[in-house]
Amino acid sequence: MTENLELKKAASWLKQAKSVTVLTGAGVSQESGIPTFRGASGEGLWEKYNPMELATPEAFEKDPELVWRWYEYRRDLVRNARPNAGHYSLARLENLLPSLSLITQNVDDLHQRAGSRNITRLHGNLFEARGTQSSCVIPLPDPLREIPPHQEGEMLRPNIVWFGESLDSKILARAFDAARQAEVLLVIGTSLQVYPAALILPLALESGARVIEINPFPSRVPGTMVLEGTAAKILPALEAELI
Ligand code: OAD
């Protein structure tokens, strides 16, 4: 079947669906110039940097300044980036498909800046901090006035879910509910290597959803339709079939 026929089929699934869930990962922001974590080209962040030294509670305890500088570097990349055609298409799809629920593993703010409204963030937010003792979450001052930042005498940490940590249980429950309820699940730009986010796809499949993967290097999970290509190319093409 040609790519165009696949696109038409995917669009007809979306049109018929009473509820649509979207799961995005780092690949969605790749065409905005934000590096992914893992990748075929060897340029993924976790190929260059050791996550155990930067993205664990132990790493933070050992060297909070190093960890904060790593997230400053990441924040800087995002500040200087703009949403791409894929982010904008997803934001417009929310208007075309009012049931659409967007779940992202990304900690950048590009979905939001593109205009998506109904966003569930599984892994936190680069632009927020939270207390190391209290659980208060605050927007980060920009630029940071001190590294590591403090509030009322308490050291703050990035509001990011690190390796070895649990996801917020309410957020995870919302994401799993959206997976179970989905008639169509779009899985875009994720390697599906990180749990529990990776469970969203099998959960949706088991619950009877049609699953469409958009990725230039797809996982090709049995039972899913693949639209092979980048998010900024495939999503506008899919949107065009829906209008
Ligand atoms: P990965 O870096 O593991 O995977 C990126 C995926 O995007 C791969 O499958 C690529 O083939 C695909 N990709 C690359 N360029 C693309 C493009 N232009 N369009 C579409 N897809 C493209 O990223 P995630 O699966 O999001 O955790 O990683 C999951 C988690 O691992 C992240 O949330 C992060 C990391 O540790 C935290 O930040 C807590």
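The values are calculated or read from the model by the stated rules, or taken from the named source; none is laboratory data. Only a predicted model underlies this, so the values are computations on that prediction, with no experimental measurement involved. Using ideal geometry, Cβ is built from the backbone for each residue, glycine included, and neighbour counts are taken over all protein chains shown.
If the condition is being in a loop (DSSP other than H, G, I, E, B) and either touching a Ser or Thr at 6+ places or on another chain (Cβ under 9 Å) or away from the ligand (no atom under 13 Å from the Cβ) (or both), then the range 36-60 contributes Thr36, Phe37, Arg38, Gly39, Glu43, Gly44.
For the condition of a type in the set (Lys, Arg), crowded, with 20+ Cβ neighbours inside 10 Å and either touching a residue at least 40 places away in the same chain (Cβ under 8 Å) or touching a strand residue (DSSP E or B) at 6+ places or on another chain (Cβ under 8 Å) (or both), what is the one hit in Arg174, Arg130, Arg82, Arg121?
On the way: Arg174 fails: crowded, with 20+ Cβ neighbours inside 10 Å; Arg130 fails: crowded, with 20+ Cβ neighbours inside 10 Å; Arg82 fails: crowded, with 20+ Cβ neighbours inside 10 Å.
None of the others qualify; the one that does is Arg121.
Listed by first and then second residue, the pairs linking a residue in the range 223-243 that is within 22 Å of Leu201 (Cβ to Cβ) to a residue that is more than 12 Å from the ligand (Cβ to nearest atom) and assigned to a strand (DSSP E or B), with Cβ atoms under 6 Å apart and 6 or more places separating them unless they lie on different chains, are Thr224/Val211; Met225/Ile212.
Could you grab me the full set of residues in the range 165-207 that are small (Gly, Ala, Ser) and away from the ligand (no atom under 11 Å from the Cβ)?
Step one: list which residues in the range 165-207 are small (Gly, Ala, Ser), which gives 166, 169, 173, 175, 178-179, 182, 189, 191, 197-198, 204, 207.
Once the filter is applied, which keeps residues that are small (Gly, Ala, Ser) and away from the ligand (no atom under 11 Å from the Cβ), the range 165-207 yields Ser166, Ser169, Ala173, Ala175, Ala178, Ala179, Ala182, Ala204, Ser207.
Residue-level analysis places Arg145 among those that are modelled with pLDDT under 95 and surrounded by fewer than 16 Cβ atoms within 10 Å (Cβ to Cβ). Can you spot a residue in the range 61-68 that is within 12 Å of the ligand (Cβ to nearest atom) and in contact with a helix residue (DSSP H, G or I) (Cβ under 7 Å, 6 or more places away or on another chain)? Checked the range 61-68: no residue is within 12 Å of the ligand (Cβ to nearest atom) and in contact with a helix residue (DSSP H, G or I) (Cβ under 7 Å, 6 or more places away or on another chain).
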